[in-house]
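One structure below.
The values are calculated or read from the model by the stated rules, or taken from the named source; none is laboratory data. This is a predicted model, so every value here is computed, not measured. Positions of Cβ are generated from backbone atoms using ideal geometry, with glycine treated the same way; all protein chains shown enter the neighbour counts. With ligands, DNA and RNA removed, areas are computed over all heavy atoms of the protein, side chains included. Shrake-Rupley method; radii C 1.70, N 1.55, O 1.52, S 1.80 Å.
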Amino acid sequence: MAGDITQKGYEKKRSKLIGAYLPQAPGKTVFKKHLRLCHHSLYHYVHTEAVQAALAKHKERKMAVPMPSKRRSLVVQSSMDAYTPPDTSSGSEEEDGGGGGGTSSSQEGSISMEHWISRAIHGTSSTTTTTSSTASSSSSSTRSGGSGAAAGRLADVLAQHVHISSNHSAPPDVTGYTNNTANATATDGIQVERAPGAGTAAQRQTPKYGNAELMETGDGVPVSSRVSAKIQQLVNTLKRPKRPPLREFFVDDFEELLEVQQPDPNQPKAEGAQMVPMRGEQLGVVTNWPPSLEAALQRWGTISPKAPCLTTMDTNGKPLYVLTYGKLWSRSVKVAYNLLHKLGTKQEPLVRPGDRVALVFPNNDPASFMTAFYGCLLAEVVPVPIEVPLTRKDAGSQQIGFLLGSCGVTVALTSDACHKGLPKSPTGEIPQFKGWPKVMWFVTESKHLSKPPRDWFPHIKEANQDTAYIEYKTCKDGSVLGVTVMRIAMLTHCQAITQSCSYTEAETIVNVLDFKKDVGLWHAVQTSVMNMMHVISIPYALMKVNPLSWIQKVCQYKAKVACVKSRDMHWALVAHRDQRDINLSSLRMLVVADGSNPWSISSCDAFLNVFQTKGLKPEVICPCASSPEALTVAIRRPLEEGTTPPGRGILSMQGLSHGVIRVDSEEKLSVLTLQDVGSVMPGGLMCVVKLEGVPQLCKTDEIGELCVSTVATGTSYYGLAGMTKNTFEVFPVSNNGTPISEFPFTRTGLLGFIGPAGLIFVAGKMDGLMVVGGRRHNADDIVATALAVEPMKFVYRGRIAVFSITVLHDERIVVVAEQRPDSTEEDSFQWMSRVLQAIDGIHQVGVYCLALVPSNTLPKTPLGGIHLSETKQLFLEGALHPCNVLMCPHTCVTNLPKPRQKQPEIGPASVMVGNLVSGKRIAQASGRDLGQIEDNDQARKVCVRGGSFLFLSEVLQWRAQTTPDHVLYTLLNSRGTIASSLTCVQLHKRAEKIAAMLAERGHLQDGDHVALVYPPGIDLIVAFYGCLYAGCVPITVRPPHPQNIATTLPTVKMIVEVSRSVCVMTTQVISKLLRSKEASAAVDVRTWPPVMDTDDLPKKKPPLLYKPSNPDTLAYLDFSVSTTGMLAGVKMSHTATSAFCRSIKLQCELYPSREVAICLDPYCGLGFVLWCLCSVYSGHQSILIPPSELEVNPALWLSAVSQYKVRDTFCSYSVMELCTKGLGLQTDSLKARGLDLSRVRTCVVVAEERPRIALTQSFSKLFKDLGLHPRAVSTSFGCRVNLAICLLWCSHFLAGVSQGTSGPDPTTVYVDMRALRHDRVRLVERGSPHSLPLMESGKILPGVRIIIANPETKGPMGESHLGEIWVHSGHNASGYFTVYGDEALQSDHFNSRLSFGDTQTVWARTGYLGFLRRTELTDASGERHDALYVVGALEEAMELRGMRYHPIDIETSVIRTHKSITECAVFTWTNLLVVVVELDGSEQEALDLVPLVTNVVLEEHYLIVGVVVVVDIGVIPINSRGEKQRMHLRDGFLADQLDPIYVAYNM
């Protein structure tokens, strides 16, 4: 659902959505009908009930799920009507019914589950919740009744079933409204629900959207609240904890305790006896069995050369080509000869016996493949069959390349057509595929090969221990292994298959499977040749066009055997339309290759139900289980006619998750019905061992991994000795630890048990196993449950991938599905909510993330399945581009640390000995003592006669007399040239004129407040001193931005009003702007105080300059907007102002001969003091560079520093960032232009925040080439109560160049972030987990004392604690300037005393948290140096789960997760954490960020993100100092003014 999250948006939507449900006048029909042919697959009719029942259970729980908001451009606009559904033969275009081959969501995943419920909900009337986007009428909840007749009629019902769907959409809410029970009529055990007519509609209650009823007034109109309904709904959901709290904890290498799941004492445990290994029947030796496969080929090729070996089909189903045994023999000999003799030279053949070669053949050319395969066997070369690499970046082809490389493959055999189809470079060369070794391509068509000489024959010997071929296997993590199969194993395997399938000579077999590996290779390439059988090969392309083709070929050729997968049966059913001419009575065996998939059973049953009338006998269906390592593990033998098929296991899902087998009786919902896969192979021994640890035999009622011991298995993973040992050389042991056999066993990778009568049951694969909270779940099972939620309606071709990712020490389940192109936003959200409930109800496990992607976008395996590991990789990299995401961390993550209980802090009663508190040194420090410093200040000596106080205005007058032409200020423009400059006398004279103007035109009194609204420059300085001369109190105000008046002018107005300014002084341009039309739209322009422009000043000077009587009177007001959006003005007295200037002068060693470059905003804090005051006090020249000019010319500041050979410069973080981003690629050209920063001794960043260590480091690194010394960059720290506490490092890096005191280097420490949350400081090594680098905030200014105090108890704190920084100094501000005169705040912030210890000193509270460390370094006076570390503002810190978090730490983690996240801001709202990220990329990437952000915050901060908001670049507001305005952002979010691309509400 696109759109906004506001109240008005919610109302609009609600009326639109609920309209269809409101009671209507009788006689009117509620539904607009439109017909749509439904091509329901089987998924639906079997499993809907179990899922419906699970969903009905959830109805009681009322899960409220707020829908995410999405920007319109992200919503694919396509209506249901515009989409023409596939016609009745729609099965034909289906690509694949499920997941990737061999991976956990394998092709079988798409199968319906019939006996899942094991006729569970018999006799109950089927209730269907109508929360889907179409009315309940559509969900033909067909029941598979007990009677075969009903099932027999199923296909007809499916074929004729007309889909009546109402055109309105239901409310996008999955809370329970009343369950609309449709009038169901049971006919013959098949139920089709009727569309509810007007009658039922009138009786319904009007459903409310979400928890809207909580928010309504009497007349049903929602209460207008700032918070949108969706968010409210989310909060209500989260108030109800989902899982019971857990008890035990384990220590995660620190005091933060992560919960560890304790085994439930009531969980089922295995109680049976130890299992007994099962032996298969003897492998009977038949006299005429050949001694090897090559010998068999030679025999048939010479005795019966005309016998057909293989018939291939084209895409129309016509026979394309018949390969006879004679042709196969002669061609294979030719291939073998050419391989050995025609590659390379006689002396240096390229291929020798035993070498490995790749076989690259497409799926539609089995004849060329067979020829090449047998050619390799005859040449004693080892074939490695692989898929055709379609493009250079094919999913998984890189991993195949690694396998080829490790096997030492240098030659690839391929067919002519395939060779032509490979991608070519412009020169016609085949490029090297990604990850592949360099290979030579060898085309095996006869016409390209030389005839072997008459006397050359391949050497045919008995099957021995040499490697016959290598089969590739894709692992769970996407890596590809090669399983080596020896010649004797290959032959023995063919014999075992022949015996168990009773194959005889010249039988016809239809094969749909991939002939390059697995069951397809074993039956249709190897065993068929051993027994001279005739294979009819159906290519995948033909199955796509006509899913019935294999059934038609069985009839046409009267085939005895067919090899299929359950998806082939499934799609045949979907496409089947009562064809007359089908007769399957010739089949004696239908091998179901993926019979080991728990869900194949429903395909088998459904297929039998439909085709039994066409001559298919029940005993013909033979499921088999196989794995690349163990080859065929078990196969059901074709039974004698009339014998009863074996029973089934109906097992409790709950039991299975604990690894035990429990036949289910009560809980009808969550059961798994399994069919057996027959008995152990002839000549084999099988046992079941525990999954973890020592391979110990399981008990009889325990699920374990099947292991087999026989000659007929693989022998190793090529080149991987360690993995081979763990898989192919396993020695299972019994309870007492003795091995059960002297022969090694091979692990099959299949989970299961041996049932009664020695039948093997497989319950899942090791690869698909996910262990969540100590319980085991199988990916295939979860796929099946998800598919059962209205599958065909929503999931595109049943394509669902399920995998787990590890987040916070546990596996978390992720479900990714492709959605149909015609599904609406509401559909998706409905479906997602229901899938979550179904999985929760049936598997009792939470889904961490559910993502929907557009159809056909998931990476594919060569046969069209989903490439699972690639999908997982894309998900973790944030490159999946989903169109919908639902994260449920609140319900899934149950192992978070316990919320912290605050310990009572040390009170006054604790013993203080000297300056120790409870054994720790008290955290206090001070700058140099002002009294002891030798001050060689001429001005001081001249002006301070008889010890009277020195005022700044007097210093200026003195300088105008003594050094009239000394330049104090130079202002640069964007080109770097001097725009204007000011000498002492010029400043004095212009200030006099301003004072005259104020007295004359403004009629101002002493102490009146004047607002100075100037751009950064000389005028501002002149106006400031003019005010001092006239006895007025100046307030510097940033002028409104002409392009952005609406947002900047109200702030100006507010400062003017709050400061009680009686007049505004400004330039002519700005004075016009203040009264312009645009201005009147933003503020009331009539209420401005008198505005004076100072462009043309009067000629005369004032009669008398004002001299303040008392140094404690106000000198100026300093107004600034804090990061939390509060406007605060502080009062600076003359005493404080002069003390401040003196402190800076001493710290920075400023003298009239010095030049300092300043690139700061001159409106508040240290920026203002440096820009306007310091030069007058110290006499040095200030080179002023307005930061706004850097937007035009980013190199301006650094060029000026270089040009004027400046040694000291000041900037802000925003300036530093501008330079780093804007000049990053230009350092070489700047160097060429002669830019030289080697003279810079100190570059100080002026800030009121924690030092941005990453930015200062990248700045230093970037400009190192231009001569910037790495130690030159340092930071300062100031706040509202004291505008500068720490400032400046003078590193002594050029001996003899820098005079005066040298400070030690700024030190960086690494602290444990987890300890910091508990207000403790624990130093750790760089790079240790959870470490956070902090840089000290500059050297403490002379005359400043600092102590760290507990913000709550106001007691002094020890060095190892994080506390509030309190400061005592001569230049503290004297208080807040407010209209309201809030005295309590005033005294608390400016006049605080410690609760114990030194209770006499008066401190000012900075509102910042930090700590002090005594470092090893000493300063010039030999004192140990105390470093102050600022961690963050107290009012920005977030209290979550009883711990203190600093937004910047979470933001840093988030920005690191994805390259497209440029900026991030976090804030809390009703104890939910809201993360706002700015996206630099296409809007399609927005949803990729949601899981990544959630993961990283969980992993690194142990917090669950409540809401993720993705916005455009520049939405996060930043103030002039470059600090994020998080509270403004929060207000914008709640008032819905952010225009987000996407808002995700995590559940």
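Assorted remarks:
- Checking every residue in the range 782-795 against the condition of being touching a residue at least 40 places away in the same chain (Cβ under 8 Å) and in a strand (DSSP E or B) gives zero matches.
- Residue within the range 998-1006 that is hydrophobic (A, V, I, L, M, F, W, C) and either within 19 Å of residue 966 (Cα to Cα) or open to solvent by 10 Å² or more (accessible area, probe 1.4 Å) (or both) present: yes
- Residue ID - modelled with the highest pLDDT, chosen from residues in the range 1380-1416 that are of a type in the set (Gly, Ala, Ser) and assigned to a loop (DSSP other than H, G, I, E, B): 1395
- The criterion of being closer than 22 Å to residue 354 by Cβ and in contact with a helix residue (DSSP H, G or I) (Cβ under 8 Å, 6 or more places away or on another chain) does not hold for residue 529.
- Summed over the range 1226-1261, the residues that are open to solvent by 40 Å² or more (accessible area, probe 1.4 Å) and farther than 19 Å from residue 1430 by Cβ give a count of 12.
- Qualifying residue in the range 1318-1328 (condition: among the small types (Gly, Ala, Ser), over 15 Å from residue 1130 (Cα atoms) and modelled with pLDDT under 85): no
- Failed condition for residue 1487, given (1) among the hydrophobic types (A, V, I, L, M, F, W, C); (2) open to solvent by 10 Å² or more (accessible area, probe 1.4 Å); (3) in contact with a Pro (Cβ under 6 Å, 6 or more places away or on another chain): (2)
- Of all positions in the range 686-693, none carries a residue that is over 23 Å from residue 600 (Cβ atoms), open to solvent by 20 Å² or more (accessible area, probe 1.4 Å) and in contact (Cβ under 8 Å) with a residue 60 or more places away in the chain.
- Residue 1541 vs. criteria surrounded by fewer than 24 Cβ atoms within 10 Å (Cβ to Cβ) and at pLDDT 90 or above: no
- Scan of the range 291-313 for residues that are surrounded by 13 or more Cβ atoms within 10 Å (Cβ to Cβ) and either among the basic types (Lys, Arg) or at pLDDT below 90 (or both), ordered by number: 299
- Taking the criterion of being modelled with pLDDT of 85 or more, closer than 15 Å to residue 1281 by Cα and either among the hydroxyl-bearing types (Ser, Thr, Tyr) or open to solvent by 50 Å² or more (accessible area, probe 1.4 Å) (or both), the residues of the range 1342-1379 that qualify are 1345, 1368, 1369.
- Leading residue by the ranking (modelled with the lowest pLDDT) among those in the range 1417-1446 that are within 19 Å of residue 1333 (Cα to Cα) and assigned to a loop (DSSP other than H, G, I, E, B): 1437
- Residue that is modelled with the lowest pLDDT [pool: residues in the range 257-290 that are of a type in the set (A, V, I, L, M, F, W, C), part of a loop (DSSP other than H, G, I, E, B) and surrounded by 16 or more Cβ atoms within 10 Å (Cβ to Cβ)]: 260
- Verdict on residue 1002 being touching a strand residue (DSSP E or B) at 6+ places or on another chain (Cβ under 6 Å), closer than 19 Å to residue 1170 by Cβ and not hydrophobic (A, V, I, L, M, F, W, C): no
- Applying the condition of being charged (D, E, K, R) and out of contact with any His (no Cβ under 9 Å at 6 or more places or on another chain) to the range 1126-1183 and asking which residue is farthest from residue 1342 (Cα to Cα) yields 1161.
- Looking only at residues in the range 859-869 that are surrounded by fewer than 22 Cβ atoms within 10 Å (Cβ to Cβ) and not basic (Lys, Arg), the one that is farthest from residue 795 (Cα to Cα) is 863.
- Residues being surrounded by 20 or more Cβ atoms within 10 Å (Cβ to Cβ) and more than 22 Å from residue 647 (Cβ to Cβ) - total across the range 750-768: 3
- Some residue of the range 777-795 being closer than 30 Å to residue 480 by Cβ and surrounded by fewer than 24 Cβ atoms within 10 Å (Cβ to Cβ): no
- Within the range 428-456, the set of residues being under 42 Å from the mean Cα position of the chain (by Cα) and open to solvent by 50 Å² or more (accessible area, probe 1.4 Å) comprises 429, 432, 434, 438, 440.
- Of the residues making up the range 1171-1211, those that are under 23 Å from residue 1233 (Cα atoms), part of a helix (DSSP H, G or I) and of a type outside the set (S, T, N, Q) are 1187, 1189, 1190, 1191, 1196, 1197, 1198, 1200, 1201.
- Checked against (1) part of a loop (DSSP other than H, G, I, E, B); (2) modelled with pLDDT under 90, residue 757 passes all but a single condition, namely (1).
- Of all the numbered requirements in (1) surrounded by 15 or more Cβ atoms within 10 Å (Cβ to Cβ); (2) in contact (Cβ under 8 Å) with a residue 40 or more places away in the chain, residue 1188 misses one, and that requirement is (1).
- Of the numbered criteria (1) more than 21 Å from residue 286 (Cα to Cα); (2) surrounded by 24 or more Cβ atoms within 10 Å (Cβ to Cβ); (3) of a type in the set (Ser, Thr, Tyr), the one residue 479 fails is (2).
- Scanning the range 343-385 for residues that are part of a strand (DSSP E or B) and either touching a Ser or Thr at 6+ places or on another chain (Cβ under 7 Å) or open to solvent by 20 Å² or more (accessible area, probe 1.4 Å) (or both) turns up 344, 349, 356, 360, 382.
- Scanning the range 634-652 for residues that are at pLDDT 85 or above and touching a Leu at 6+ places or on another chain (Cβ under 6 Å) yields one hit, 651.
- The set of residues from the range 493-527 being among the small types (Gly, Ala, Ser) and surrounded by fewer than 24 Cβ atoms within 10 Å (Cβ to Cβ) comprises 502, 506, 520.
- Test result for residue 1441, closer than 21 Å to residue 923 by Cβ and surrounded by fewer than 24 Cβ atoms within 10 Å (Cβ to Cβ): no
- Applying the condition of being in a helix (DSSP H, G or I) and open to solvent by less than 10 Å² (accessible area, probe 1.4 Å) to the range 1114-1137 and asking which residue is nearest to residue 1373 (Cα to Cα) yields 1136.
- Identification of strands (runs of 3 or more DSSP E) wholly contained in the range 569-661 with 3 or more residues that are in contact with a strand residue (DSSP E or B) (Cβ under 6 Å, 6 or more places away or on another chain) and crowded, with 23+ Cβ neighbours inside 10 Å yields 589-592, 621-627, 631-635.
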